[in-house]
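Here the structure comes first, spelled out in C-alpha cells, and everything after it is commentary.
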Amino acid sequence: MSGWTSGPRKTLRARTIGAIADVDPESTPGYDGDKKSGAHDLAEIGETLSALQEQLYAEGRSGGDRSVLVVLQGMDTAGKGGIVRHVGGLMDPQGLTVTGFGKPTQAESEHDFLWRIRNALPAPGRIGIFDRSHYEDVLPVRVHELVPESVWRGRYDEINAFEAELAASGTSIVKCALVVSKAEQKSRLAERLERPDKFWKYDPNDLAERALWDEYLEAYQEVFDRTDTDAAPWHLIPADRKWFARLAVARLLVETLESLDLSWPPADFDVEAQKKRVAALAD
Ligand code: AMP
Ligand code: MG
C-alpha cells in the first residue's frame, strides 16, 4: 500500500524542487497518501531499511569499506530530533551512530571546522546520522557574522572537497534539510511551553534565531546552490507534517542503500565441512 508516486531522491532533490522560500512545508511531494497511510508505509519501509542496514553492517564486518552518512539540518523545531528517534529507531543501534553538533566547545574551536566532523564519521558498515553538521559553519556562523565573510565563503569549496573525498572513500552522503513554516514553528514553540515534558526542548535563544528567519533562508539557499553535488546531494524535506518528513527520510535512506547493491558476504570457511563438524558435536 505504498503511496509513493515518485521517489524522494529525485522529487526532493534541491536542484529539482526549487528555491527553499518556495517550498510548501505542508506539501508531501511524490507521496499520495495521508497520515494514516504514512504510518503504515513507515512501518513497512522500516523492515526494508533494517534488512538493508544489516547487510551493510555484515559487509563492514567482512572487510567492506562502505558506510552511509545522513546529514540533518533545519531551523529550530523543524524536527531533527524526531527524525533521529523515529527513523534512527527503525534500525539496529549496533550499526548506527548519532552525533549532535552544538556550539563548538573550547577544544573544538581550536581546530579547523571540519575537525569535529571527521572525528564523528561513520565507521565501515555503519550508518551515521548528524543532527546539525559542518553546515552550521556557513549558517549561524554566517548569519551572526562569527567569522569574516571571506572565511565562511571559502568554506563551500572546502565542504565540497571534503564531501567528494568522503564519497570516494566509500561513504554515501544523504543531506536533508527539514523545511518548516514560520507559523508551524510558532505553534511548536508554544507547545513546548504548554507541556512540562517539552520544557527541556525550549530554548529562549530560538526566538532570536527566528527573528533572523529571512537571513537563514538566504544562507540555506546559498548552501543548496553551492553544495548540492552528485557526490553529496541535498534534499529539501517539507516538514510541517512530521509523519511525512519521517517517511521521506526513511525512504531516501532505503533508496540510497538499494543503490549500493548490497549482498550477504559469502562464508570465508567451508560451509559443508563446518556442517559436518557441528553435526558431530556432542549434545
Ligand atoms: P540544538 O540543536 O537545539 O542542540 O542547538 C544547538 C545550537 O548550537 C544551535 O543554536 C546551533 O545553531 C548552534 N551551533 C551548532 N554548530 C555551531 C557552529 N559551528 N557555530 C555556531 N553555532 C553552532
Ligand atoms: Mg534547540
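The values are calculated or read from the model by the stated rules, or taken from the named source; none is laboratory data. Remember, it's a predicted structure, so these values are computed and weren't measured experimentally. All Cβ positions, even for glycine, are placed from backbone atoms using ideal geometry, and neighbour counts span all protein chains on display.
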Residue count for region 51-78, restricted to those that are within 16 Å of ligand 1 (Cβ to nearest atom) and either buried (at least 20 other Cβ atoms within 10 Å of the Cβ) or closer than 24 Å to Glu165 by Cα (or both): 8
Some residue of region 179-195 being assigned to a strand (DSSP E or B) and either within 16 Å of ligand 2 (Cβ to nearest atom) or in contact (Cβ under 8 Å) with a residue 12 or more places away in the chain (or both): yes
The listed residue being away from ligand 2 (no atom under 16 Å from the Cβ), closer than 20 Å to Val223 by Cβ and in a helix (DSSP H, G or I), out of Val174, Val147, Val141: Val141
Hits in region 79-119 (condition: within 16 Å of ligand 1 (Cβ to nearest atom), in a loop (DSSP other than H, G, I, E, B) and over 14 Å from the mean Cα position of the chain (by Cα)): Gly102, Lys103, Pro104, Thr105, Glu110, His111, Asp112, Phe113, Leu114, Asn119
Selected residue (criterion: surrounded by the most Cβ atoms within 10 Å (Cβ to Cβ)) from residues of region 23-50 that are in a loop (DSSP other than H, G, I, E, B) and among the polar types (S, T, N, Q): Thr28
Entirely in region 197-263, the helices (runs of 4 or more DSSP H) that have 1 or more residues that are buried (at least 22 other Cβ atoms within 10 Å of the Cβ), out of contact with any Ser or Thr (no Cβ under 9 Å at 6 or more places or on another chain) and at negative phi: 213-227, 242-258
Test: residue in region 81-90 that is more than 24 Å from Gly7 (Cα to Cα) and buried (at least 18 other Cβ atoms within 10 Å of the Cβ): no
Residue within region 120-131 that is more than 14 Å from ligand 2 (Cβ to nearest atom) and part of a helix (DSSP H, G or I) present: no
Scope region 204-246; condition small (Gly, Ala, Ser) and under 16 Å from the mean Cα position of the chain (by Cα); matching residues: Ala231, Ala232, Ala239, Ala245
Out of Ala19, Ala39, sole residue that is of a type in the set (A, V, I, L, M, F, W, C), over 17 Å from Leu252 (Cα atoms) and touching a residue at least 40 places away in the same chain (Cβ under 8 Å): Ala19
Residue satisfying condition, being modelled with pLDDT of 95 or more, out of contact with any strand residue (DSSP E or B) (no Cβ under 6 Å at 6 or more places or on another chain) and surrounded by 13 or more Cβ atoms within 10 Å (Cβ to Cβ), within set Leu96, Leu193, Leu189: Leu189
